[in-house]
Each structure stands twice: as C-alpha cells, then as structure tokens.
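Engineer: Let me give you the structure first, and then I'll get to my questions.
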Amino acid sequence: MFSQRTLSSPVQRLHCEITPDVLVLDVERDFETLPPAVAEELGLLVDALDPASYPESWLPENAPAQLTAYAGSQFTIGLPGDGTVVRTHQTEPATVLVKARAETTPEPFRSFLLAEALVEIDESLPESFLPFFGEQYAALDDALGLGGPATYQVARALFDAWVGLHTRERFRAWAGEHEELHAAWEDAGDRLVGRVDGLPGEVARGETEFPAATELACSAVKHGLDIPAPFAALDTLAYRDHGSAYAVQWAEKTMAALAE
C-alpha cells in the first residue's frame with residue numbers, strides 16, 4: 001500500500017534542510033480518508049503511531065459522516081478536499097502521503113505540493129481544520145447557518161488561509177535559494193489573479209456560492225494576492241495571531257452583512 005517516494009532534486013534538498021526525519025511515501029491508490037486497517041499499516045514503516053481523536057462536542061449534529069469518523073477513536077488519516085498530498089502528525093516521525101493521482105500532476109506543481117507539506121510540518125501546524133477550530137467549530141456552524149457540508153467547505157478554506165499566513169513568507173523567500181520551488185509557488189498564485197476581484201458581487205448576485213467564493217479567496221491569501229472585502233479581513237496579522245476565534249467573528253459579521 002505504501003512505498004518510499006523518490007523525491008525530485010529540489011524537494012530532496014529542502015527535505016534534508018528542514019525535515020530530514022519526515023517520511024515521504026507513495027500510496028498505491030487515491031483516497032479521501034484512509035480507513036483504520038490501511039492507516040495502521042504505517043506502523044510497519046514508522047517508529048510509532050499516535051492516533052488522534054477529538055471530542056464529540058466539537059461537532060454539530062449536521063457534521064458530514066467522514067468528519068465524524070475522523071474525529072472518532074479509530075485511527076484514520078485524511079479528509080475530503082485535502083488534495084493530492086496529505087501530511088499527518090499521527091505518526092512518529094511525521095509522514096507525507098502522496099496519492100496515486102500525483103502521477104498526472106505536472107512535475108513542478110507536484111514538487112511544490114510536497115515542499116509545501118514539508119514546510120507545514122516544520123511549522124508544527126495542525127494536521128487539519130478540526131483541531132484548529134476545536135470547540136469553535138460548532139460556533140462557526142452557527143455563525144454561517146449554511147448546513148454541514150457548507151460549514152465543512154468554509155472551515156477547510158479558512159484553515160488553509162491561516163496556514164498560508166504562517167508559510168507564505170517562507171515560500172516567497174525561496175527566490176534565488178530554492179528557485180524551482182519558488183517559481184511553482186508563484187505560478188500557482190498567478191493562476192488565481194483576476195479570479196478574486198469580483199467575488200463579492202458574484203456572491204451577492206447568486207452567481208457563486210459563499211463557500212466556493214471563500215475557498216477561492218483563501219487560496220489567494222496563501223499567495224499574498226490582493227483580495228476584496230469581506231475576504232480581505234482574513235489577510236491580517238489579527239487572523240494569524242487569533243486563529244479560530246477570529247474566523248468565527250469574521251463569519252458572524254460577514255453573514256450579517258450578506259443578510260442586509
């Protein structure tokens with residue numbers, strides 16, 4: 001199920017510099033959440049397993065089933081929407097898992113996704129949005145009033161923006177030092193230019209759903225792009241420093257404004 005991945009030269013260099021103990025493994029199939037029986041196979045490759053579980057009280061009744069399973073006592077890794085590369089801190093050392101679909105991802109971007117995961121591990125950032133929000137997740141659901149799947153999508157996007165506030169300066173500093181990885185990061189940001197300016201109007205006219213607009217805006221935050229209000233309030237030191245509590249307040253104010 002798992003095999004050691006051969007890293008490209010730029011990623012190998014970064015790996016040796018910042019996270020030499022982290023395992024990077026190919027997974028022979030795609031997945032949204034690795035079930036316990038499969039996740040436990042990692043025990044053969046790592047020093048120890050440290051399965052995470054979270055209080056039921058963190059989740060509203062309308063939470064998606066896969067999020068409920070992830071929060072439970074069984075050992076699972078990954079959530080829907082995590083993308084091609086997944087990192088986990090539930091192993092010692094931490095592990096980066098590369099899904100099978102990575103083989104169809106262009107090499108420069110694939111290398112960046114791996115580098116991004118290594119930086120996020122080096123920054124000791126939470127594995128997913130659930131421990132980031134914690135008991136605030138139910139409050140976010142109340143603030144949004146959109147239902148379980150929509151709350152999930154917004155929460156994941158808000159977490160991605162917060163992660164980006166911790167990592168983007170490191171990516172920006174790669175210019176000249178890790179030039180290939182820096183170029184891939186810049187290219188990913190360039191693909192968002194022009195797509196975020198009109199988001200508030202699109203939401204107001206019903207052309208774009210609020211969760212999808214938030215997802216796009218938060219991707220732009222990760223790359224330090226200019227974004228319009230109300231999403232601009234997420235690109236602040238206040239959000240970086242205060243995290244989930246700030247995100248819930250932002251959601252409350254934003255939804256109130258949209259209702260006017």
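Engineer: What 222 nm value per residue comes from the helices of the chain, counting each DSSP H run with n ≥ 4 as -39,500 (n - 2.57) and dividing by all residues, nearest 500 deg cm²/dmol?
Structural biologist: Working: 11 runs with 130 residues, N = 260.
Rounded to the nearest 500, the figure is -15500 deg cm²/dmol.
Engineer: While we're on this one: Considering only protein heavy atoms and a probe of 1.4 Å, how much of the accessible area of the stretch 75-133 is carbon and sulfur, as a whole percent?
Structural biologist: Numbers: 910 of 1770 Å².
The C+S portion of the solvent-accessible surface of the stretch 75-133 is 51 percent.
Engineer: Would you indicate which of (1) 1.01; (2) 1.06; (3) 0.95 is the value of Cα Rg over 2.2 N^0.38 Å derived from the coordinates of this structure?
Structural biologist: Computed from these coordinates, Cα Rg over 2.2 N^0.38 Å corresponds to label (1).
Engineer: If you don't mind, another one. Go through Ser9, Gly134, Val203 and say which Cα lies farthest out towards the positive end of the charge dipole of the chain; charges sit on Cβ, +1 for Lys and Arg, -1 for Asp and Glu.
Structural biologist: About the Cα centre, the residue reaching furthest to the positive side is Val203.
Engineer: Here is a further query. Please give the net charge around Ala259, taking every other residue with its beta carbon less than 13 angstrom from that of Ala259, where Lys and Arg add +1 and Asp and Glu add -1. All intermediate terms of the calculation are to be shown ahead of the outcome.
Structural biologist: On the way: positive: Lys253; negative: Glu252, Glu260.
That works out to -1.
Engineer: Given a 1.4 angstrom probe, what's the average accessible area per residue across the chain, in square angstrom? Mind showing how you got there, number by number?
Structural biologist: Details: 11840 Å² over 260 residues.
Ligands and nucleic acids excluded, the result is 46 Å² per residue.
Engineer: Give, as a single signed number, the net charge of other residues whose beta carbon lies under 14 Å from the beta carbon of Ala69, with Lys and Arg counted +1 and Asp and Glu -1.
Structural biologist: Numbers: positive: none; negative: Glu32, Glu56.
Residues near Ala69 contribute -2 overall.
Engineer: Which whole-number percent is the relative contact order of the chain (Cα, under 8 Å, 6+ apart)?
Structural biologist: Computed value for the chain: 18 percent relative contact order.
Engineer: Tell me, what HN-Hα J-couplings in whole Hz come from the Karplus equation 6.51 cos²θ - 1.76 cosθ + 1.60 at θ = phi - 60° for each residue of the stretch 202-214, using x for Gly and Pro?
Structural biologist: For the stretch 202-214, the Karplus curve yields 5, 5, 4, 8, x, 7, 10, 5, 4, x, 5, 5, 4 Hz.
Engineer: What residues qualify as long-range amide H neighbours of Ala175, i.e. H under 5 Å apart, gap of 5 or more or another chain, H built at 1.01 Å from N?
Structural biologist: none
Engineer: When the Karplus curve 6.51 cos²θ - 1.76 cosθ + 1.60 is applied with θ = phi - 60°, which whole-Hz ³J(HN,Hα) does each residue of the stretch 76-89 get, with x for Gly and Pro?
Structural biologist: 10, 9, x, 9, x, x, 5, x, 6, 10, 10, 10, 9, 9
Engineer: Here's a follow-up. Sequence-distant or interchain residues sharing an amide H contact under 5 Å with Val24, placed H: which?
Structural biologist: Result for Val24 returns Arg5, Val96.
Engineer: From Cα pairs below 8 angstrom and at least 6 apart in sequence, can you work out the relative contact order of the stretch 4-109, rounded to a whole percent?
Structural biologist: Contact order relative to length: 35 percent.
Engineer: Quick query: amide H of Ile77 versus all other amide H atoms, modeled in the peptide plane; which residues come in under 5 Å with a sequence gap of 5 or more or a different chain?
Structural biologist: The list, which skips near neighbours in sequence, is Leu34.
Engineer: Something else now. What does the charge add up to near Leu7, with Lys and Arg as +1, Asp and Glu as -1, over the other residues with Cβ less than 15 Å from its Cβ? Show your work: numbers first, answer last.
Structural biologist: Values: positive: Arg5, Arg13, Arg87, Arg110; negative: Glu17, Asp21, Asp26, Glu103, Glu107, Glu116, Glu180.
Value of the local net charge: -3.
Engineer: Report ³J(HN,Hα) in whole Hz for each residue of the stretch 148-163, in order, from the Karplus equation J = 6.51 cos²θ - 1.76 cosθ + 1.60 where θ = phi - 60°; Gly and Pro get x.
Structural biologist: x, x, 5, 4, 4, 5, 5, 4, 5, 5, 4, 5, 4, 5, 4, 4
Engineer: What ratio of Cα Rg to 2.2 N^0.38 Å holds for the stretch 167-260? Mind dumping the intermediate values first?
Structural biologist: Details: Rg = 14.8 Å, N = 94, 2.2 N^0.38 = 12.4 Å.
Against the empirical 2.2 N^0.38 Å value, I get 1.20 for the stretch 167-260.
The values are calculated or read from the model by the stated rules, or taken from the named source; none is laboratory data. What you are looking at is a predicted structure, and each value in this text was computed from that prediction instead of being measured. Please note: Cβ atoms are built from the backbone with ideal geometry, for glycine as well, and neighbour counts cover all protein chains shown. The accessibility values were calculated without ligands, DNA or RNA, using every heavy atom of the protein model including side chains. Shrake-Rupley method; radii C 1.70, N 1.55, O 1.52, S 1.80 Å.
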